[in-house]
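Worksheet: one structure, shown below.
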Amino acid sequence: MIKANQQLKEEIIKFSKEIGIDKIGFASAGVFTGLKERLITQQQLGYQSGFEEPDINKRTNPEQVLPKAKSIIAIALAYPSKLKNAPRSTKEERRGVFCRASWGNDYHDILREKLRQLEAFIIEKEPTAITKSMVDTGELSDRAVAERAGIGWSGKNCAIITPEYGSYVYLGEMITTIPFEPDTPLEDNCGTCNKCVDVCPTGALVQGGQLDSNKCIAFLTQTKGFLAEEYRLKLGNRLYGCDTCQTVCPENKGKDFHLHPEMEPDPEIVKPVLKPLLHISNREFRDKFGSISGSWRGKKPIQRNAIIALAHFKDDSAIPDLLQLIKNDPRPVIRGTAAWAVGRIGNPNYQEALETFKHSEKDEQVLEELDKGISMLQNER
C-alpha cells in the first residue's frame, strides 16, 4: 500500500510547492514515546505554560486525535527576520517591539489556509481519505511532528531548526488515514554550541532542549496579571514574545526570507510608539493590531508591557500618562504597574503624587506597587 501511495506523495510534494509551502515532510502516526516521557517530566517539574493541550495522551498519540491515523504530513513556511525601513526609537518617541513570529498577518490563518488547500487536493485524489489539520493550538506537538518528518532538528533553543531557513519557520501538520513512506529525521546539528542557553535573559532554558515555560519571556509577555518584579527588568522593550534564543543561533546567521507577502510586517505595528498604547481603546487596538498573532490575548498584556518598557527607558516624559493611569484606569494590574514604573523612572518630584494616590486606592496589590514606587523615589533623593 505504501508503495502504491508513493506517486500520491510525489504529487502532494509538487502541489505543496505550487501553493507556497516552503518545506513538507511525511512521518508515521505512531506514538511519540520519547516526547511522552519528556512531557510527563515537564509536568512534574511545573515547566508547562498552561497554554498547551493538557491531555498528554492526545499530545503524543495521533490515533487519539484521528482514529485509524496512518501518517502525518508536516509543513513549514519561512518568515522574515529583518524589518525593512525599521523606525528608530528616539528619546521623544520610545518604541516597543513584537517578536518576529508575530510579524505580518496571523500565521495561524496563513498556515490553516495552506493546509486547507492541501486537504482539498488530497481528498480529490483519495476521496475515502480522512484528514485533520492543526497549527500551534492543536493537540499534537508541532515541533515533535516536524522533527519526525525531517523538516528540521529540535534545537537546544526548543525550536525546529531547518538547514534552509534556520528556525524562522512556522509549523503546521495534517494527520491522515493514508499510509505514506515516512521521511528520515535530520541529524542534530547543534553540537557543542550552547549560546541560546547561555544568553537566555531569565534562565528559562534550563538546559539544551528543556524549557521552563513559566520563566520564558515569550510566555511572560502573554500573561495578564502582575509581572513578577524580577522579570520586569528583563523584559526590556518587548511587547510580545522574545527572539533572543533565535537571534544568537549560528544557524540563523544571514537567514532572512521574504517569500510570502502576507507575512511582511508593517513597521508601525510591530515596532509601535509606546505612549499611545497606554490609552488605546479596544476598537483602536483591534483595528491596528487585530491582524497579527500578537494580539490574541487582547490589549491588557500589551499595555502592561508598554508601561514596563517606558520604565526600562526611564522615559520621564511618560510620567503624566502613567499618573493618569494610576488615577483613572479601572484595572489594578495597569494601575499598579504604572505606579511601579513611575518609581523606576526615578523623578523624585512625583513622590508626593504617588503618596496621594494611596489615600484613594483600595486594591492591596496596587498599594504594594505604590509603596515600591515611593521607595524607589525616596532613594533618588
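Just so you know, all these numbers are worked out from the coordinates, no wet-lab data involved. Here the structure is a predicted model, which means the values were calculated and not measured. Cβ atoms come from the backbone with ideal geometry, glycine included; neighbour counts cover every protein chain shown.
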3J(HN,Hα) from dihedral phi, the range 122-128, Karplus parametrisation 6.51/-1.76/1.60, rounded to Hz, x for glycine, proline: 5, 5, 5, 7, 10, x, 8
Cα-based reach from Lys224 at 19 Å (exclusive), listing lysines while leaving out same-chain residues under 8 positions away: Lys215, Lys234, Lys299, Lys300
Cysteines in the chain lacking a second Cys C-beta under 4.7 Å: Cys99, Cys158, Cys190, Cys193, Cys200, Cys216, Cys242, Cys249
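Fewest Cβ neighbours within 10 Å first, please rank Met174, Met376 accordingly.
Met376, Met174
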From phi via Karplus (6.51, -1.76, 1.60), per-residue ³J(HN,Hα) for the range 365-380 in Hz, x at Gly/Pro: 5, 5, 4, 4, 5, 4, 5, 4, x, 4, 4, 5, 5, 4, 6, 7
Nonlocal amide H pairs with Phe26, under 5 Å, H built at 1.01 Å: Ala74, Asp183
Computed FRET value (nearest 0.05) for Lys58 with Thr128, which takes r as the C-beta separation and R₀ as 22 Å: 0.35
Reported label for calculated Rg and Dmax of the Cα atoms in Å given (i) 30.5, 113; (ii) 23.3, 80; (iii) 20.0, 61: (ii)
Student exercise, the chain dipole from Lys, Arg, Asp, Glu Cβ charges, in Debye to nearest 20: 340 debye
